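Trainee: Have a look at this one.
The values are calculated or read from the model by the stated rules, or taken from the named source; none is laboratory data. All figures in this text were calculated on a predicted structure; none of them were measured in a lab. For neighbour counting, all protein chains shown are included, and Cβ atoms are generated from backbone atoms with ideal geometry for every residue, glycine included. For the accessible areas, the whole protein counts, side chains as well, though only heavy atoms, and no ligand, DNA or RNA atoms are used. Shrake-Rupley method; radii C 1.70, N 1.55, O 1.52, S 1.80 Å.
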Amino acid sequence: MTDDVETKELGLAKKEIEENKKNEKEKVEETVTMPPWEQHSAVISMPRFDYNAPSSLMDYSHSGFFITCSIKTSNAKKRKICSGEVGSGNGAESKRTNDGSGESTREATPSSPKMDVIEEKGILSLVKLTRSGLLLFTFPRSCSPDTVDIVSKIFESLGSGNLKPLVWCHRIFPIQATCLLKDEDLRTVVSKLVQDFVGREQNKFEKPLKFAVGYNRRGVDETEMKNKKTDPKYTDLLALLDRNKCFSVVAGVVKEIVADAVVDLKSPELGVFIEVLPVSGIPNGSLVVAVSVLPHNLFTSKPKLCVKALTADTKTANGEN
């Protein structure tokens, strides 16, 4: 009788071990075949998209990162996600001021200790875009870390060998501020960022100050915008979508701040970058742009003006650098 019991227990134990091995094998196989986002979701506690982003970007300035990568947004496999989406309550509400900074206007709502820690660290939200091969992460409105310094440290770590080459990210554009693509808004944001940049003690420039303007409109449907040319309400938007007009506006702001500044596309000391963000859900007739003023060590001017690549192979999934 005792032998039968022991035999049965050994059989159950063996079966349990085999099932555990099978489960572990399935997990390994799943990780290998999972697309990049699914692999990251196992260790990153972040909802799929922040669906409040369109309205927030329309009303407030955000900092963050705009990344070109090989990750497709239309993954067929369903991934596990955190319960709930990132709402509009990431810290205190803030309204955009004339200088693009945030100002607290709402009392913080009660939250769990875990959420308090997440908000204190400034968790990034993933914003849904209309194009593949691009990722947009934004910080809460109440959090504005030095994104340029963060990207600079990434390059330093890659250069020293402390950080392994990134597999999926090709370029990381550090967003210092966002605004609507409107003449007044763009002037205000560019003016503040240029003043901050040239005012830093570590930025010593030779005279005259050499600068360049980078403008990327990959988020614009050219055909759709052509159809709006006859509508008066799109006049301001269409004007700034013209590269020459946008360059003129930005260059004019830089020269107002630094009188002897000159455009130099060969060896600029600073670059003012404007990136149209293809955010899903933005109302017709409006466009949001990301703006940054970068030091020369974070961008290249040959063969074209763009943020430096993190990897040697800069081809993205949609064929753009």
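Trainee: Length gain on complete extension for the stretch ASP196 to LEU163, per 0.36 nm per residue less the alpha carbon to alpha carbon distance?
Mentor: Values: separation 33, 0.36 × 33 = 11.88 nm, distance 2.97 nm.
Difference between extended and current length: 8.9 nm.
Trainee: Let me ask another. Probe of 1.4 angstrom, ligands and nucleic acids ignored: what's the accessible area per residue over segment 130-185, in square angstrom?
Mentor: Details: 2600 Å² over 56 residues.
Value for segment 130-185: 46 Å² per residue.
Trainee: Something else: So, taking all protein chains as they sit and a 1.4 Å probe, how much accessible area belongs to GLU156, in Å² rounded to tens?
Mentor: About 120 Å², ignoring ligands and nucleic acids.
Trainee: Which of the pairs LYS128/LYS164; LYS153/LYS207; LYS153/LYS182; LYS153/LYS204; LYS128/LYS210; LYS210/LYS302 have their Cα atoms more than 25 Å apart in this structure? Each step should come with its number before you reach the end.
Mentor: On the way: LYS128/LYS164 28 Å; LYS153/LYS207 28 Å; LYS153/LYS182 32 Å; LYS153/LYS204 20 Å; LYS128/LYS210 36 Å; LYS210/LYS302 15 Å.
Too far apart for the 25 Å limit: LYS128/LYS164; LYS153/LYS207; LYS153/LYS182; LYS128/LYS210.
Trainee: Still on this structure: Using 7 Å Cα-to-Cβ label points, what is the ARG48/ASN284 separation (nm, one decimal)?
Mentor: 2.7 nm
Trainee: For the pair LYS128 and GLU256, what calculated FRET efficiency results from E = 1/(1 + (r/R0)^6), where r is the Cβ-Cβ distance and R0 = 45 Å, to the nearest 0.05? Please report the intermediate quantities before stating the final value.
Mentor: Working: r = 36 Å, r/R0 = 0.81.
With R0 = 45 Å, the Cβ-Cβ based efficiency is 0.80.
Trainee: How far apart, in nm, are two points set 7 Å out from the Cα along the Cα-to-Cβ line at THR235 and at ILE154?
Mentor: Computed distance between label sites THR235 and ILE154 equals 4.1 nm.
Trainee: Using θ = phi - 60° and the Karplus curve 6.51 cos²θ - 1.76 cosθ + 1.60, what whole-Hz ³J(HN,Hα) does each residue of segment 126-141 get, with Gly and Pro shown as x?
Mentor: 8, 9, 6, 10, 9, 10, 7, x, 9, 10, 10, 10, 10, 8, x, 4
Trainee: How do the peptides 53-62, 159-168, 178-187 rank, highest first, by the average count of neighbouring beta carbon atoms within 10 Å per residue? If you can, show how the numbers build up before the last one.
Mentor: Numbers: 53-62: 20.7, 159-168: 10.9, 178-187: 19.1.
Result, highest mean Cβ count within 10 Å first: 53-62, 178-187, 159-168.
Trainee: While we're on this one: On full extension of the chain, what length is gained from LEU265 through THR311, given 0.36 nm per residue of separation minus the C-alpha to C-alpha distance?
Mentor: Difference between extended and current length: 14.2 nm.
Trainee: Would you mind calculating the relative contact order of segment 146-205 from Cα pairs under 8 angstrom and at least 6 residues apart, reporting the percent as a whole number?
Mentor: Working: 22 pairs, mean separation 15.8, N = 60.
Result for segment 146-205 is 26 percent.
Trainee: Say each of ASN20 and LYS304 gets a label point 7 Å from the Cα, pointing the same way as Cα to Cβ; how far apart are those two points in nm?
Mentor: So the two model labels end up 5.6 nm from each other.
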